[in-house]
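Student: Following this message is one structure expressed as structure tokens.
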Amino acid sequence: MTTERMTRVALVGNPNCGKTALFNALTGSRQKVANYPGVTVERKEGSVTTPQGRTFRVLDLPGTYSLRARSPDEEVTRDAILGRIPGEDIPDFLLCVADATNMRLALRLALELRRVGRPMALVLNMFDIARHRGIGIDVERLSAALGLPVVTSVAVRRGGMDGVLGLLDRLAEYPTLNLLAGSPPSETFPRKRESSVSDSEHVTLTSRGRSPLDSRLRGNDTGDWSPPSRDDMSAMQAEADRIIAAAVTLPVKANTVTTRIDAVLLHPVWGILILLGVLFLMFQAVFAWAQPPMEAISWGFDSLSAAVGQALPQGLLRSFICDGLIGGVGAVIVFLPQILILFLFILLLEDFGYMARAAFLMDKIMGGAGLHGRAFIPLISSFACAIPAIMATRVIDNRRDRLSTILIAPFMTCSARIPVYTLIIAAFIPAKQVLGGLQLQGLVMFGLYALGLAGALGSSFALRRVFWRRVPPEPFMLELPDHKKPNARNVLLGLLQRAKAFLRRAGTTITAMMVVIWFLASFPQPPEGAHGPALSHSFAASIGRAIEPVLAPIGFNWQISVALVPGMAAREVAVAALGTVYAIEAGDDTATKLSETLAQQWSLATALALLAWYVFAPQCAATLVTIRRETGSVKWAAFSFAYMIALAYIATFITYRLALALVGG
């Protein structure tokens, strides 16, 4: 292996082993996030420069328990390791990442990776936590038993990556060495004592001795690899257990911090109340914490629009820039603080290890609705976006359970709905406190989220009764990760990535749709002497009035009809479309706030009807495309669209008619 080829390093490990934290610690902000070609699995790649100035490409592969690949994520990891992905370079070196506090499944994966024949090492992550809990790991003996270099790391501590960086430097320093599993000692790294490496970053770069399984599990190269049989998996797990017994010393009494916390969090009563409290706090924070930055962003766009309006003469160009671009895009970007607050909660809960506990708590409730307990994690992820949530259903092995979760995930209130909800709530729900200090607007937002969850559970119950009535549910088995203190750097990187994705969407999809909407709303120009606003003579008005008869029974006017069509590209585009439509109709270049305009133009019944529509309607083409990709069938995407549209229409009709009966038009 030449020095030039020693640039591609792949991180492989079980879910919840700290692999992503290690990836972030190595690469920092030097990351690129995309999808693998032909699939919706996320691909993360970054670069790292070692203290000696050498640069490596680092690939963070999806978490896996085995290369047998029982899910799409695991298939991508297997194919990336074996070099089967078109256009993807085969890794020069594998770093198998293991949680030092729970190595059993990780060592089995390491033994399985040895069969592939790629050069590799084992990284014992969270080594400080293991030592704090009294877990003793004989790194030298572990290395000898595995026949692999072993590196320890503390991904969340300064200097905690010294061992990994030192390993990479030695890879470049000794590029011709054979690091395949079972290599004799003379072919491994020479032993060098590094005075700068502390005990918590201990490095063992020797590989003395061979594993008893070498004759069965070794492969010469990736071309000779074949999936392990059940007997092979059993043999590897037995070997992993033998190695742990020889190299790891567990404390007489296990650390009880996680146990004590779980005694409360997993309590059948207190646990549910805490979960509801966490979710309620999340929705309250979306309004209360985001208000100051939202006002600052709104002021910035208003000032920009006013400055441009003063600099340009009255006419189409001024209208296009102020109303089409600044007004339309600004109406969406103003909601960025709320979206980031929602993501902040999700990232913190994931880092802390609470998501798995929430899934455990919801198992009985979800089982009653015909859902697998693992479905709760994708459904919670849907609060951020339905697309990655649908992709996250790959953790569910059973195809029927996975399909049920995919079909109901769009009901969960994603971040793209927040601009619509916030706009209407701000216009029609007074900002006052009720029930001893709770925000009424936050309560309404919580109610919309709860309604979406109820719709998801109800739909799952109905789907099970129609399609899988005689299929018994599978048992729910879940490995609970230890509680860990969230890492601020990882959380900030996650927020930065999501902010970039949102702004990129605002700068591409939303801007493009706003140009189209502005054009449709501005042309053709009204004839001389025509009465009424110019918008009423436009293409947009013609389209809206053509759709209006279908939507009039549920309280929607033609302006709403116009906004719903581009809203299929992305839900939040509807807000920008309304901003563009009403700004042009009003003829106010600096634009009155859209919420005030809607409060004057709509009835409360119409506002509530639109909220109900957005709870249930499949108002996102990208989600439908993802459903088609994940199910491998156009019919399930079409079915999802049809039944959600029908449900949305019925729910909106009932909401509008009840509101008319109770509060009038």
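The values are calculated or read from the model by the stated rules, or taken from the named source; none is laboratory data. Worth saying up front: this structure is predicted, and the values here are computed from it rather than measured. Cβ placement follows ideal geometry from the backbone for every residue including glycine, while neighbour counts extend to all protein chains displayed.
Student: Of 363, 323, which residue is more than 30 Å from residue 408 (Cα to Cα), in contact (Cβ under 8 Å) with a residue 60 or more places away in the chain and buried (at least 17 other Cβ atoms within 10 Å of the Cβ)?
Tutor: 323
Student: List every residue pair whose Cβ atoms sit under 8 Å apart, with the two residues 6 or more apart in sequence or on different chains, where the first one lies in region 487-501 and is in contact (Cβ under 8 Å) with a residue 60 or more places away in the chain and in a helix (DSSP H, G or I) and the second, anywhere, is surrounded by 15 or more Cβ atoms within 10 Å (Cβ to Cβ) and among the small types (Gly, Ala, Ser).
Tutor: Qualifying pairs under 8 Å: 489/25; 490/21; 498/384.
Student: Continuing with the same structure: May I ask you to say which residue of 111, 82 is buried (at least 23 other Cβ atoms within 10 Å of the Cβ) and out of contact with any strand residue (DSSP E or B) (no Cβ under 9 Å at 6 or more places or on another chain)?
Tutor: Details: 82 fails: buried (at least 23 other Cβ atoms within 10 Å of the Cβ).
Testing whether each residue is buried (at least 23 other Cβ atoms within 10 Å of the Cβ) and out of contact with any strand residue (DSSP E or B) (no Cβ under 9 Å at 6 or more places or on another chain) leaves just 111.
Student: Between residues in region 643-665 that are more than 8 Å from residue 605 (Cα to Cα) and residues that are basic (Lys, Arg) and surrounded by 14 or more Cβ atoms within 10 Å (Cβ to Cβ), which pairs lie under 9 Å by C-beta distance while being six or more apart or on different chains?
Tutor: none
Student: If you go through region 618-630 one residue at a time, do you hit one that is surrounded by fewer than 19 Cβ atoms within 10 Å (Cβ to Cβ), closer than 18 Å to residue 448 by Cβ and among the aliphatic types (A, V, I, L, M)?
Tutor: Looking through region 618-630, none of the residues is surrounded by fewer than 19 Cβ atoms within 10 Å (Cβ to Cβ), closer than 18 Å to residue 448 by Cβ and among the aliphatic types (A, V, I, L, M).
Student: Let me ask something else. Only one residue in 55, 101 is polar (S, T, N, Q), surrounded by 21 or more Cβ atoms within 10 Å (Cβ to Cβ) and more than 23 Å from the chain's Cα centre (by Cα), so which one is that?
Tutor: The match here is 101.
Student: With respect to residue 560, determine if the residue is under 25 Å from residue 330 (Cα atoms), surrounded by 22 or more Cβ atoms within 10 Å (Cβ to Cβ) and at pLDDT 75 or above.
Tutor: Values: under 25 Å from residue 330 (Cα atoms): yes; surrounded by 22 or more Cβ atoms within 10 Å (Cβ to Cβ): yes; at pLDDT 75 or above: yes.
Spelling it out, residue 560 is indeed under 25 Å from residue 330 (Cα atoms), surrounded by 22 or more Cβ atoms within 10 Å (Cβ to Cβ) and at pLDDT 75 or above.
Student: Here's something else I'd like to know. Check region 584-592 and report whether any residue there is within 30 Å of residue 314 (Cα to Cα), polar (S, T, N, Q), at pLDDT below 80 and surrounded by fewer than 24 Cβ atoms within 10 Å (Cβ to Cβ).
Tutor: Yes - at least one qualifying residue is present in region 584-592.
Student: Restricting to region 129-167, name every residue that is free of Cβ contacts under 8 Å to residues at least 60 places away in the same chain and hydroxyl-bearing (Ser, Thr, Tyr).
Tutor: Of everything in region 129-167, just one residue is free of Cβ contacts under 8 Å to residues at least 60 places away in the same chain and hydroxyl-bearing (Ser, Thr, Tyr), namely 152.
Student: Only one of (1) touching a residue at least 12 places away in the same chain (Cβ under 8 Å); (2) not in a helix (DSSP H, G or I) fails for residue 301. Which number is that?
Tutor: (2)
Student: Among the residues of region 395-451, write down those that are assigned to a loop (DSSP other than H, G, I, E, B) and out of contact with any His (no Cβ under 8 Å at 6 or more places or on another chain).
Tutor: 397, 412, 413, 414, 429, 430, 431, 432, 435, 436, 437
Student: Right, another one. Please find, among 246, 254, the residue that is at pLDDT 85 or above and surrounded by 12 or more Cβ atoms within 10 Å (Cβ to Cβ).
Tutor: Working: 254 fails: at pLDDT 85 or above.
Among 246, 254, only 246 is at pLDDT 85 or above and surrounded by 12 or more Cβ atoms within 10 Å (Cβ to Cβ).
Student: Hey, another quick one. So, in region 74-102, of the ones that are acidic (Asp, Glu) and closer than 12 Å to residue 14 by Cβ, which residue ends up modelled with the highest pLDDT? I'd like the intermediate steps shown before the answer.
Tutor: Just the residues of region 74-102 that are acidic (Asp, Glu), to begin with: 74-75, 79, 88-89, 92, 99.
Filter once more, so that each one left must be closer than 12 Å to residue 14 by Cβ: 74, 99.
Values: 74: 81, 99: 89.
It comes out as 99.
Student: Taking region 515-535, which residues are assigned to a helix (DSSP H, G or I) and either touching a Cys at 6+ places or on another chain (Cβ under 6 Å) or at pLDDT 70 or above (or both)?
Tutor: 515, 516, 517, 518, 519, 520, 521, 522 - these are the residues of region 515-535 that are assigned to a helix (DSSP H, G or I) and either touching a Cys at 6+ places or on another chain (Cβ under 6 Å) or at pLDDT 70 or above (or both).
Student: Mind listing just one residue for me: the one in region 349-371 that is part of a loop (DSSP other than H, G, I, E, B) and more than 28 Å from residue 571 (Cα to Cα) and, of those, modelled with the highest pLDDT?
Tutor: 353
Student: Identify, please: which residue in region 441-461 is within 24 Å of the chain's Cα centre (by Cα) and without any contact (Cβ under 8 Å) to a residue 12 or more places away in the chain and is, among those, nearest to residue 607 (Cα to Cα)?
Tutor: Across region 441-461, the extreme among qualifying residues is 447.
Conditions (1) more than 22 Å from residue 617 (Cα to Cα); (2) modelled with pLDDT under 75; (3) of a type outside the set (Ser, Thr, Tyr); (4) surrounded by fewer than 23 Cβ atoms within 10 Å (Cβ to Cβ), marked per residue:
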| position | (1), (2), (3), (4) |
| --- | --- |
| 374 | yes, yes, yes, no |
| 391 | no, yes, yes, no |
| 406 | no, no, yes, no |
| 410 | no, no, yes, no |
| 430 | yes, no, yes, yes |
| 435 | yes, yes, yes, yes |
| 438 | yes, no, yes, yes |
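Student: Within region 615-639, which residues are polar (S, T, N, Q) and within 21 Å of the chain's Cα centre (by Cα)? Talk me through it step by step, then tell me what you get.
Tutor: As a first pass, look at region 615-639 and keep what is polar (S, T, N, Q): 619, 623, 626, 631, 633.
The answer is 619, 623, 626, 631.
Student: Please find, within region 75-89, the residue that is nearest to the chain's Cα centre (by Cα) out of those that are touching a residue at least 60 places away in the same chain (Cβ under 8 Å) and farther than 18 Å from residue 168 by Cβ.
Tutor: Among residues in region 75-89 that are touching a residue at least 60 places away in the same chain (Cβ under 8 Å) and farther than 18 Å from residue 168 by Cβ, the one nearest to the chain's Cα centre (by Cα) is 77.
Student: Which condition does residue 133 not pass, out of (1) at pLDDT below 85; (2) on the phi > 0 side of the Ramachandran plot; (3) touching a helix residue (DSSP H, G or I) at 6+ places or on another chain (Cβ under 9 Å); (4) not β-branched (Val, Ile, Thr), if it passes all the others?
Tutor: Residue 133 satisfies all of (1) at pLDDT below 85; (2) on the phi > 0 side of the Ramachandran plot; (3) touching a helix residue (DSSP H, G or I) at 6+ places or on another chain (Cβ under 9 Å); (4) not β-branched (Val, Ile, Thr) except (2).
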